[in-house]
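Student: One structure follows; several queries about it will come next.
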Amino acid sequence: MNPVAVSIEDRVLALITEDELVSLTEALVAAGGENPGGTEEATVAVLEAFCLGAGLETLAEEAAPGRPNLTAVLRGGDRPGLLFLGHSDVVPAGEGWDRPPFEPYVRDGRLFGRGATDMKGGLAAVAVALKALKAAGVDLPGDITLACTVDEEDLGIGIRAYTRAHLGERFSGCVVAEPTDLGTVVGCRGDSYIDVTVHGRSAHSGRPADGLNAIDAAARIIALVREDHERLQQDQDALLGAGSWNVGLIEGGTGTSMVAGECRLSLDRRLMPDDNAARILESLRERIAEAGLERDGFAVSAAVTMEMPGFRTPEDHPLVADAVAALSDCGVASGIGGWTAACDGGFIARDFGVPTIVMGPGGLNDQAHQVNESVSIAELVAAARAYALLCLRHSSPA
């Protein structure tokens, strides 16, 4: 590393302060954004105000009424630059918190509040890193972009709107700032929701043979799903595991003394990177037909209501090496791994065709979506510093 580069890096890192990271994360947590609910607007306003104050260019675009995606750009040269991806919504806080979930506080080196880990801390770390790069007057080969989308925790309308609006733009890679305990995640499973409705025929429960019990038929479909789940588990990928099924919701019938005339299932089907939800749906329809439900008089409809693609980036890709090196230089020994969870990064990898990783502060399994959610302040600082180094070091072909 030449002395000039060291001087630039030191100058940028000196501009990243713990106080600013904590202050911005607290403001983002306090803005709420529970989803379902469509309440991300206040969070976006906080983030946009910070980015404008940092000298970044911003663009708010409604993905749905009152639900704006935000893009903040640090301008550079003409080469493709990095895209950082995050989301403004959080899951509902729920009950059981020690303190009000949207009144953030610091204790024992951690910042507490709903969204602290997933993912207000990651958003703050990216924004503070870009502010430091701007303030240092760094000459970057390409733009650095932060895209903050709505609705990640539910149906993903934000990332779909973002890819439609920005598809012609060029990026060298994407870093999703979701919580990974600062590990470098190179692959994620995707996810899809499949809703199934079974129509039978209602009748008095005293004469069940007069009807067609839709709940019984739905149970037969659940057995098909369970059988396919077990089949999938026989083909485990070393990094991502296997595709999987889960019956998340079931609703049917109108009364205990009546044969159920209708039953609805909501199925979660986790996707491997090369899976396609439409093909999976068609396969499910074929198995239902083979089971003879329609021959028995039932009408069955099924549809994909949500799809989030998976992705995989080669472990030896330069973006991965640069991320691991940046974290190492910030005192973090980052392992390379995969996620069985899903994230918006799959859309970027698929639609833009760029290498994608997930790397951010906070714990997915022990903090995200949990009561008394918190993030380590030391991880916030390390993440912001690593993001800044990654922007300085990562380059791509012109």
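Student: Within the stretch 142-177, work out how many residues are among the hydrophobic types (A, V, I, L, M, F, W, C) and in a helix (DSSP H, G or I). I'd like the intermediate steps shown before the answer.
Tutor: As a first pass, look at the stretch 142-177 and keep what is among the hydrophobic types (A, V, I, L, M, F, W, C): 144, 146-148, 150, 155, 157, 159, 161, 165, 167, 171, 174-177.
Subsequent filtering for residues that are in a helix (DSSP H, G or I) retains 157, 159, 161, 165.
Result for the stretch 142-177: 4.
Student: Residues to consider are ALA291, ALA302, ALA321, ALA260; find the one that is without any contact (Cβ under 8 Å) to a residue 40 or more places away in the chain and either surrounded by fewer than 17 Cβ atoms within 10 Å (Cβ to Cβ) or not assigned by TED's automatic domain parsing to the domain that holds THR117 (or both). Walk me through how you get there before you give the answer.
Tutor: Working: ALA291 fails: without any contact (Cβ under 8 Å) to a residue 40 or more places away in the chain; ALA302 fails: without any contact (Cβ under 8 Å) to a residue 40 or more places away in the chain; ALA260 fails: without any contact (Cβ under 8 Å) to a residue 40 or more places away in the chain.
None of the others qualify; the one that does is ALA321.
Student: Please work out which residue is farthest from VAL91 (Cα to Cα), limiting yourself to the stretch 31-63 and to residues that are assigned to a helix (DSSP H, G or I), among the β-branched types (Val, Ile, Thr) and within 20 Å of the chain's Cα centre (by Cα).
Tutor: Restricting to residues being assigned to a helix (DSSP H, G or I), among the β-branched types (Val, Ile, Thr) and within 20 Å of the chain's Cα centre (by Cα), the top hit is VAL44.
Student: Let me ask something additional. Could you identify the single residue in ARG114, ARG75, ARG99, ARG107 that is touching a helix residue (DSSP H, G or I) at 6+ places or on another chain (Cβ under 8 Å), assigned by TED's automatic domain parsing to the domain that holds ALA161 and basic (Lys, Arg)?
Tutor: Within the list ARG114, ARG75, ARG99, ARG107, the selection yields ARG114.
Here is a yes/no grid of residues against (1) at pLDDT 95 or above; (2) touching a Ser or Thr at 6+ places or on another chain (Cβ under 8 Å); (3) farther than 29 Å from ALA135 by Cβ; (4) surrounded by fewer than 15 Cβ atoms within 10 Å (Cβ to Cβ):
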site	(1), (2), (3), (4)
LEU70	yes, yes, no, no
ARG75	yes, no, no, yes
ASP78	no, no, no, yes
LEU82	yes, yes, no, no
LEU85	yes, yes, no, no
ASP89	yes, yes, yes, no
PRO104	yes, yes, no, no
ALA116	yes, yes, no, no
MET119	yes, no, no, no
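Student: Right, another one. Output the residue which, of all residues in the stretch 305-362 that are under 13 Å from the mean Cα position of the chain (by Cα) and of a type in the set (S, T, N, Q), is farthest from ILE194 (Cα to Cα).
Tutor: Taking the candidates together, the pick is THR356.
Student: Same structure again: Go through the stretch 18-30 and report how many residues are without any contact (Cβ under 8 Å) to a residue 24 or more places away in the chain and either in a loop (DSSP other than H, G, I, E, B) or buried (at least 16 other Cβ atoms within 10 Å of the Cβ) (or both).
Tutor: The number of residues fulfilling the criteria is 1.
Student: Examine the stretch 343-356 for a residue that is among the hydrophobic types (A, V, I, L, M, F, W, C), surrounded by 23 or more Cβ atoms within 10 Å (Cβ to Cβ) and at pLDDT below 95, and state whether such a residue exists. Talk me through it step by step, then tell me what you get.
Tutor: Here is the first cut: in the stretch 343-356, the residues among the hydrophobic types (A, V, I, L, M, F, W, C) are 343, 347-349, 352, 354.
In the following step, the residues that additionally are surrounded by 23 or more Cβ atoms within 10 Å (Cβ to Cβ) were identified as 343, 347-349.
Keeping just the survivors that are at pLDDT below 95 gives 343.
Yes, the stretch 343-356 contains at least one residue that is among the hydrophobic types (A, V, I, L, M, F, W, C), surrounded by 23 or more Cβ atoms within 10 Å (Cβ to Cβ) and at pLDDT below 95.
Student: For the stretch 326-347, give me each residue that is in a helix (DSSP H, G or I) and either among the hydroxyl-bearing types (Ser, Thr, Tyr) or without any contact (Cβ under 8 Å) to a residue 40 or more places away in the chain (or both). Give the steps one after another, and end with the answer.
Tutor: In the first step, residues of the stretch 326-347 are kept if they are in a helix (DSSP H, G or I); the result is 326-329, 345-347.
The answer is SER328, and nothing else.
Student: Are there any pairs with C-beta distances below 8 angstrom linking a residue in the stretch 96-124 that is of a type in the set (Lys, Arg) to a residue that is assigned to a loop (DSSP other than H, G, I, E, B) and surrounded by 17 or more Cβ atoms within 10 Å (Cβ to Cβ), with the two at least 6 apart or on different chains, and if so which?
Tutor: Listed by first residue and then by second, the contacts come to ARG114/GLY32; ARG114/VAL91; ARG114/ALA93; ARG114/PRO101; ARG114/PHE102; ARG114/GLU373; LYS120/GLY113.
Student: A further question on this structure: Among what's in the stretch 268-288 and is of a type in the set (A, V, I, L, M, F, W, C) and farther than 16 Å from THR305 by Cα, pick the residue that is surrounded by the fewest Cβ atoms within 10 Å (Cβ to Cβ). Full working, then the answer.
Tutor: Narrowing the stretch 268-288 to residues of a type in the set (A, V, I, L, M, F, W, C): 271-272, 277-278, 280-281, 284, 288.
Cutting the leftovers down to farther than 16 Å from THR305 by Cα gives us 272, 288.
Values: MET272: 18, ILE288: 20.
Here the answer is MET272.
Student: Can you report the number of residues in the stretch 241-296 which are outside any strand (DSSP E or B), touching a helix residue (DSSP H, G or I) at 6+ places or on another chain (Cβ under 9 Å) and of a type in the set (Lys, Arg)?
Tutor: 2
The values are calculated or read from the model by the stated rules, or taken from the named source; none is laboratory data. Note that the structure is predicted; figures quoted are calculated from it, not measured. Because the Cβ atoms are built from the backbone with ideal geometry, glycine has one as well, and the counts that use them run over all protein chains shown.
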